[in-house]
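**Q** Let me give you the structure first, and then I'll get to my questions.
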Number of protein chains: 2
Amino acid sequence: MGDLEIRPATTDDVPAIVAMLADDPLGAQRESPDDLAPYLTAMERLRADPNQHLVVAVRGERVVGTLQLTIVPGLSRRGATRSVVEGVRVHADERGSGLGSLMMEWAIDTSRREGCHLVQLTSDNTRTDAHRFYERLGFTASHVGFKLTL
Amino acid sequence: MGDLEIRPATTDDVPAIVAMLADDPLGAQRESPDDLAPYLTAMERLRADPNQHLVVAVRGERVVGTLQLTIVPGLSRRGATRSVVEGVRVHADERGSGLGSLMMEWAIDTSRREGCHLVQLTSDNTRTDAHRFYERLGFTASHVGFKLTL
(Lines give C-alpha, C1' and ligand atoms only; values in the text may rest on other atoms or scores of the structure.)
Protein backbone atom coordinates (compact mmCIF):
# COMPACT_ATOMS: atom_id res chain seq x y z
CA MET A 1 0.00 0.00 0.00
CA GLY A 2 3.00 2.36 0.38
CA ASP A 3 3.98 4.56 3.30
CA LEU A 4 1.32 6.61 5.01
CA GLU A 5 1.92 10.10 6.35
CA ILE A 6 -0.48 12.33 8.30
CA ARG A 7 0.54 15.98 7.88
CA PRO A 8 -0.98 19.49 8.04
CA ALA A 9 -3.11 20.26 4.98
CA THR A 10 -1.91 22.96 2.59
CA THR A 11 -3.83 25.06 0.09
CA ASP A 12 -2.73 22.63 -2.64
CA ASP A 13 -4.63 19.83 -0.83
CA VAL A 14 -7.98 21.67 -0.92
CA PRO A 15 -9.30 20.10 -4.18
CA ALA A 16 -8.58 16.56 -2.91
CA ILE A 17 -10.14 17.32 0.49
CA VAL A 18 -13.29 18.81 -1.09
CA ALA A 19 -13.59 15.80 -3.42
CA MET A 20 -13.62 13.51 -0.34
CA LEU A 21 -16.12 15.74 1.51
CA ALA A 22 -18.44 15.53 -1.52
CA ASP A 23 -18.02 11.75 -2.06
CA ASP A 24 -20.39 10.88 0.78
CA PRO A 25 -24.18 10.37 1.03
CA LEU A 26 -24.60 13.53 3.14
CA GLY A 27 -21.73 15.54 1.65
CA ALA A 28 -23.01 15.07 -1.91
CA GLN A 29 -25.97 17.30 -1.03
CA ARG A 30 -24.03 20.14 0.57
CA GLU A 31 -20.62 20.48 -1.08
CA SER A 32 -19.68 22.23 -4.36
CA PRO A 33 -16.45 20.67 -5.67
CA ASP A 34 -16.78 22.68 -8.90
CA ASP A 35 -16.48 25.99 -7.02
CA LEU A 36 -13.45 25.95 -4.72
CA ALA A 37 -13.51 29.67 -3.86
CA PRO A 38 -15.41 29.36 -0.53
CA TYR A 39 -13.15 26.47 0.51
CA LEU A 40 -9.98 28.46 -0.23
CA THR A 41 -11.30 31.37 1.85
CA ALA A 42 -12.03 28.99 4.73
CA MET A 43 -8.56 27.43 4.35
CA GLU A 44 -6.92 30.82 4.94
CA ARG A 45 -8.92 31.22 8.12
CA LEU A 46 -7.99 27.71 9.31
CA ARG A 47 -4.29 28.33 8.68
CA ALA A 48 -4.38 31.57 10.69
CA ASP A 49 -5.85 29.89 13.79
CA PRO A 50 -3.31 28.04 15.98
CA ASN A 51 -6.11 25.99 17.59
CA GLN A 52 -7.02 24.41 14.24
CA HIS A 53 -5.32 21.30 12.90
CA LEU A 54 -6.65 20.36 9.48
CA VAL A 55 -4.66 17.34 8.34
CA VAL A 56 -4.49 15.00 5.38
CA ALA A 57 -3.40 11.38 5.23
CA VAL A 58 -1.13 10.87 2.24
CA ARG A 59 -0.09 7.54 0.73
CA GLY A 60 2.62 7.86 -1.90
CA GLU A 61 1.75 11.34 -3.13
CA ARG A 62 -2.00 10.80 -3.02
CA VAL A 63 -4.35 12.39 -0.46
CA VAL A 64 -6.44 9.51 0.94
CA GLY A 65 -7.95 10.93 4.12
CA THR A 66 -8.66 14.09 6.09
CA LEU A 67 -9.91 15.32 9.43
CA GLN A 68 -10.10 18.57 11.36
CA LEU A 69 -9.11 18.78 15.02
CA THR A 70 -10.04 21.93 16.98
CA ILE A 71 -8.53 22.67 20.39
CA VAL A 72 -11.12 24.31 22.67
CA PRO A 73 -10.11 25.73 26.07
CA GLY A 74 -12.91 26.09 28.64
CA LEU A 75 -13.83 26.45 32.31
CA SER A 76 -15.98 23.29 32.65
CA ARG A 77 -14.46 20.13 34.19
CA ARG A 78 -11.86 22.03 36.25
CA GLY A 79 -10.71 24.22 33.39
CA ALA A 80 -10.31 21.31 30.99
CA THR A 81 -9.21 21.90 27.44
CA ARG A 82 -11.09 19.63 25.04
CA SER A 83 -10.69 18.82 21.36
CA VAL A 84 -13.39 18.49 18.73
CA VAL A 85 -13.05 16.25 15.66
CA GLU A 86 -14.92 17.27 12.49
CA GLY A 87 -14.91 16.33 8.82
CA VAL A 88 -13.45 12.82 9.04
CA ARG A 89 -13.24 11.36 5.54
CA VAL A 90 -11.45 8.34 4.08
CA HIS A 91 -11.07 8.02 0.30
CA ALA A 92 -13.41 5.38 -1.19
CA ASP A 93 -10.38 3.30 -2.32
CA GLU A 94 -9.07 3.12 1.25
CA ARG A 95 -12.22 2.24 3.18
CA GLY A 96 -11.79 -0.84 5.35
CA SER A 97 -7.98 -0.46 5.31
CA GLY A 98 -7.70 0.77 8.91
CA LEU A 99 -6.89 4.30 7.77
CA GLY A 100 -9.81 5.78 9.71
CA SER A 101 -8.44 4.26 12.92
CA LEU A 102 -4.94 5.57 12.19
CA MET A 103 -6.29 9.07 11.64
CA MET A 104 -8.35 8.95 14.83
CA GLU A 105 -5.31 7.68 16.75
CA TRP A 106 -3.42 10.69 15.41
CA ALA A 107 -6.25 12.95 16.64
CA ILE A 108 -6.25 11.34 20.09
CA ASP A 109 -2.44 11.48 20.41
CA THR A 110 -2.37 15.11 19.29
CA SER A 111 -5.15 15.98 21.76
CA ARG A 112 -3.08 14.42 24.57
CA ARG A 113 0.03 16.36 23.52
CA GLU A 114 -2.03 19.57 23.50
CA GLY A 115 -3.10 18.89 27.09
CA CYS A 116 -6.72 18.02 26.32
CA HIS A 117 -8.75 16.04 28.86
CA LEU A 118 -11.53 15.09 26.47
CA VAL A 119 -11.99 14.40 22.75
CA GLN A 120 -15.47 14.86 21.36
CA LEU A 121 -17.27 14.65 18.05
CA THR A 122 -20.78 14.36 16.67
CA SER A 123 -21.89 11.94 13.99
CA ASP A 124 -25.14 12.16 12.01
CA ASN A 125 -27.82 9.80 13.38
CA THR A 126 -27.85 7.98 10.02
CA ARG A 127 -24.14 7.04 10.09
CA THR A 128 -24.58 3.84 12.09
CA ASP A 129 -21.35 2.25 10.76
CA ALA A 130 -19.41 5.31 11.94
CA HIS A 131 -21.05 5.03 15.37
CA ARG A 132 -19.74 1.48 15.79
CA PHE A 133 -16.32 2.64 14.58
CA TYR A 134 -16.13 5.39 17.24
CA GLU A 135 -17.31 2.99 19.96
CA ARG A 136 -14.58 0.51 19.00
CA LEU A 137 -12.07 3.35 19.47
CA GLY A 138 -13.32 3.85 23.04
CA PHE A 139 -15.73 6.74 22.53
CA THR A 140 -19.02 6.74 24.46
CA ALA A 141 -22.30 7.82 22.84
CA SER A 142 -23.19 9.81 25.95
CA HIS A 143 -24.67 12.91 24.32
CA VAL A 144 -27.29 14.13 21.90
CA GLY A 145 -25.92 16.40 19.19
CA PHE A 146 -28.14 19.37 18.30
CA LYS A 147 -27.70 21.56 15.20
CA LEU A 148 -29.39 24.76 14.09
CA THR A 149 -28.83 25.92 10.52
CA LEU A 150 -28.72 29.72 10.24
CA MET B 1 -36.41 41.26 38.27
CA GLY B 2 -34.08 44.15 37.28
CA ASP B 3 -32.20 44.78 34.05
CA LEU B 4 -30.39 41.91 32.43
CA GLU B 5 -27.07 42.30 30.63
CA ILE B 6 -25.09 39.65 28.72
CA ARG B 7 -21.42 40.63 28.59
CA PRO B 8 -17.95 39.06 28.19
CA ALA B 9 -16.84 37.30 31.38
CA THR B 10 -13.87 38.72 33.27
CA THR B 11 -11.49 37.06 35.71
CA ASP B 12 -13.58 38.52 38.55
CA ASP B 13 -16.57 36.48 37.33
CA VAL B 14 -14.74 33.12 37.60
CA PRO B 15 -15.93 32.22 41.16
CA ALA B 16 -19.59 32.85 40.23
CA ILE B 17 -19.24 30.88 36.97
CA VAL B 18 -17.60 27.92 38.72
CA ALA B 19 -20.32 27.94 41.41
CA MET B 20 -22.93 27.60 38.66
CA LEU B 21 -20.96 24.86 36.85
CA ALA B 22 -20.81 22.91 40.13
CA ASP B 23 -24.50 23.45 41.06
CA ASP B 24 -25.72 20.79 38.66
CA PRO B 25 -26.27 17.00 38.90
CA LEU B 26 -23.38 16.28 36.51
CA GLY B 27 -21.20 19.26 37.40
CA ALA B 28 -21.25 18.42 41.12
CA GLN B 29 -19.14 15.34 40.33
CA ARG B 30 -16.51 17.02 38.21
CA GLU B 31 -15.97 20.60 39.39
CA SER B 32 -13.84 21.90 42.30
CA PRO B 33 -15.21 25.29 43.40
CA ASP B 34 -12.84 25.29 46.39
CA ASP B 35 -9.78 25.31 44.12
CA LEU B 36 -10.07 28.05 41.50
CA ALA B 37 -6.47 27.83 40.22
CA PRO B 38 -7.19 25.55 37.20
CA TYR B 39 -10.17 27.73 36.23
CA LEU B 40 -8.10 30.92 36.37
CA THR B 41 -5.46 29.32 34.12
CA ALA B 42 -8.17 28.31 31.65
CA MET B 43 -9.66 31.83 31.80
CA GLU B 44 -6.35 33.31 30.62
CA ARG B 45 -6.35 30.95 27.67
CA LEU B 46 -9.97 31.81 26.80
CA ARG B 47 -9.26 35.53 26.92
CA ALA B 48 -6.28 35.15 24.56
CA ASP B 49 -8.34 33.37 21.88
CA PRO B 50 -10.42 35.67 19.64
CA ASN B 51 -12.66 32.73 18.63
CA GLN B 52 -13.83 32.24 22.21
CA HIS B 53 -16.76 34.14 23.70
CA LEU B 54 -17.28 33.24 27.34
CA VAL B 55 -20.14 35.40 28.58
CA VAL B 56 -22.10 35.97 31.75
CA ALA B 57 -25.68 37.12 32.20
CA VAL B 58 -25.82 39.73 34.94
CA ARG B 59 -28.96 41.00 36.70
CA GLY B 60 -28.32 44.01 38.91
CA GLU B 61 -24.72 43.22 39.83
CA ARG B 62 -25.27 39.49 40.23
CA VAL B 63 -24.02 36.83 37.79
CA VAL B 64 -27.04 34.64 37.01
CA GLY B 65 -26.01 32.74 33.89
CA THR B 66 -23.11 31.77 31.67
CA LEU B 67 -22.29 30.11 28.37
CA GLN B 68 -19.30 29.63 26.11
CA LEU B 69 -19.52 30.19 22.36
CA THR B 70 -16.62 28.98 20.17
CA ILE B 71 -16.29 30.06 16.53
CA VAL B 72 -14.94 27.19 14.39
CA PRO B 73 -13.94 27.75 10.76
CA GLY B 74 -13.90 24.68 8.52
CA LEU B 75 -13.98 23.32 4.97
CA SER B 76 -17.16 21.20 5.26
CA ARG B 77 -20.46 22.58 3.93
CA ARG B 78 -18.82 24.89 1.36
CA GLY B 79 -16.30 26.33 3.80
CA ALA B 80 -18.91 27.07 6.45
CA THR B 81 -17.91 28.57 9.77
CA ARG B 82 -19.89 27.03 12.61
CA SER B 83 -20.25 27.87 16.29
CA VAL B 84 -20.26 25.50 19.24
CA VAL B 85 -22.12 26.25 22.49
CA GLU B 86 -20.74 24.74 25.71
CA GLY B 87 -21.24 25.19 29.44
CA VAL B 88 -24.73 26.68 29.46
CA ARG B 89 -25.77 27.33 33.06
CA VAL B 90 -28.58 29.32 34.64
CA HIS B 91 -28.45 30.14 38.37
CA ALA B 92 -30.91 28.04 40.41
CA ASP B 93 -32.83 31.21 41.42
CA GLU B 94 -33.42 32.11 37.77
CA ARG B 95 -34.53 28.78 36.33
CA GLY B 96 -37.85 29.00 34.49
CA SER B 97 -37.46 32.77 34.05
CA GLY B 98 -36.67 32.62 30.33
CA LEU B 99 -33.03 33.51 30.96
CA GLY B 100 -31.79 30.35 29.20
CA SER B 101 -33.69 31.35 26.07
CA LEU B 102 -32.29 34.89 26.21
CA MET B 103 -28.74 33.56 26.50
CA MET B 104 -29.24 31.14 23.61
CA GLU B 105 -30.73 33.96 21.51
CA TRP B 106 -27.57 35.94 22.25
CA ALA B 107 -25.49 32.94 21.11
CA ILE B 108 -27.50 32.57 17.89
CA ASP B 109 -27.39 36.31 17.11
CA THR B 110 -23.65 36.44 17.78
CA SER B 111 -23.09 33.38 15.57
CA ARG B 112 -24.96 35.12 12.73
CA ARG B 113 -22.90 38.31 13.18
CA GLU B 114 -19.72 36.21 13.07
CA GLY B 115 -20.84 34.74 9.72
CA CYS B 116 -21.62 31.24 11.03
CA HIS B 117 -23.90 28.98 8.98
CA LEU B 118 -24.56 26.51 11.78
CA VAL B 119 -24.81 26.50 15.59
CA GLN B 120 -24.20 23.19 17.31
CA LEU B 121 -24.03 21.80 20.82
CA THR B 122 -24.16 18.49 22.63
CA SER B 123 -26.24 17.74 25.68
CA ASP B 124 -25.81 14.74 27.98
CA ASN B 125 -28.32 11.95 27.24
CA THR B 126 -29.73 12.35 30.76
CA ARG B 127 -30.66 16.04 30.37
CA THR B 128 -34.08 15.44 28.81
CA ASP B 129 -35.48 18.83 29.93
CA ALA B 130 -32.56 20.54 28.18
CA HIS B 131 -33.27 18.54 25.02
CA ARG B 132 -36.85 19.84 24.88
CA PHE B 133 -35.53 23.37 25.53
CA TYR B 134 -33.11 23.20 22.56
CA GLU B 135 -35.81 21.76 20.29
CA ARG B 136 -38.16 24.62 21.23
CA LEU B 137 -35.38 27.01 20.12
CA GLY B 138 -35.33 25.33 16.69
CA PHE B 139 -32.39 22.95 17.14
CA THR B 140 -32.64 19.45 15.62
CA ALA B 141 -31.39 16.36 17.48
CA SER B 142 -29.79 15.09 14.28
CA HIS B 143 -26.52 13.76 15.71
CA VAL B 144 -25.03 11.40 18.27
CA GLY B 145 -22.45 13.06 20.52
CA PHE B 146 -19.40 10.90 21.31
CA LYS B 147 -16.86 11.66 24.05
CA LEU B 148 -13.57 10.05 24.98
CA THR B 149 -11.99 11.01 28.29
CA LEU B 150 -8.16 11.10 28.12
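The values are calculated or read from the model by the stated rules, or taken from the named source; none is laboratory data. As the structure is a prediction and not an experimental result, all values here were calculated from the model. Positions of Cβ are backbone-derived with ideal geometry, glycine not excepted, and every protein chain shown enters the neighbour counts. In case anyone asks, the SASA skips ligands and DNA or RNA and just uses the protein heavy atoms, side chains included. Shrake-Rupley method; radii C 1.70, N 1.55, O 1.52, S 1.80 Å.
**Q** Three principal axis extents, largest first, for the C-alpha atoms of the protein assembly as shown, in Å?
**A** 64, 35, 34
**Q** Between segment B:1-46 and segment A:94-143, how far is it from one alpha carbon centroid to the other, in angstrom?
**A** Between the Cα centre of segment B:1-46 and that of segment A:94-143, the gap is 29 Å.
**Q** Turning to a different aspect of this structure: Taking all protein chains in place and a 1.4 Å probe, what share, in percent, of the accessible surface of the protein assembly as shown do carbon and sulfur account for?
**A** 49 percent
**Q** How many percent of the alpha carbon pairs in segment A:4-136 exceed a separation of 16 Å?
**A** 65 percent
**Q** Can you pull out the trypsin sites (Lys or Arg not before Pro) in segment B:81-150 whose DSSP state is coil and whose Cβ has at most 14 other Cβ atoms within 10 Å?
**A** In loop regions of segment B:81-150 (DSSP not H, G, I, E or B), the sparsely surrounded trypsin sites (Lys or Arg not before Pro) are B:Arg95.
**Q** Distances from A:Thr128 to the same residue in each other copy, label points 7 Å out along Cα→Cβ, in nm, shortest first?
**A** Label-point distances to the other copies, shortest first: 2.4 nm.
**Q** Give the B-A buried accessible area in Å², both sides summed, 1.4 Å probe, nearest 100.
**A** Roughly 5900 Å² of accessible surface disappears when B and A pair.
**Q** Now a separate question. Which residue is it, in chain A, that holds its beta carbon closest to the axis of the A-onto-B rotation, and how many whole angstrom away?
**A** A:Gly145, 2
**Q** Quick one: with label points 7 Å out along Cα→Cβ, list the inter-copy distances for A:Pro25 in nm, shortest first?
**A** Output for A:Pro25: 3.3 nm, nearest copy listed first.
**Q** Between copies, how far apart are the B:Thr41 label points? List them in nm, one decimal, shortest first, with each point 7 Å from Cα toward Cβ, please?
**A** Those label-point separations list as 3.9 nm.
**Q** Quick one: net charge around A:Glu86, please, counting Lys, Arg +1 and Asp, Glu -1 for every other residue with C-beta under 11 Å from its C-beta.
**A** +3
**Q** GNM, chain A, Cα, under 10 Å: largest mean-square fluctuation among A:Thr81, A:Thr126, A:Thr11?
**A** Comparing A:Thr81, A:Thr126, A:Thr11 in a Gaussian network model of chain A, the most mobile one is A:Thr126.
**Q** Right, next: Can you work out the PRE-style zone for A:Asp35? Point 7 Å along Cα to Cβ, and I want the residues of segment B:75-90 with backbone N under 12 Å.
**A** Residues passing the 12 Å test: B:78-79.
**Q** Below 8 Å, C-alpha to C-alpha, sequence gap of six or more: please give me the relative contact order for segment B:4-136 in percent.
**A** Reported relative contact order: 21 percent.
**Q** In square angstrom, what is the accessible area per residue of segment A:4-136 with a 1.4 angstrom probe?
**A** Accessible area per residue, segment A:4-136: 45 Å².
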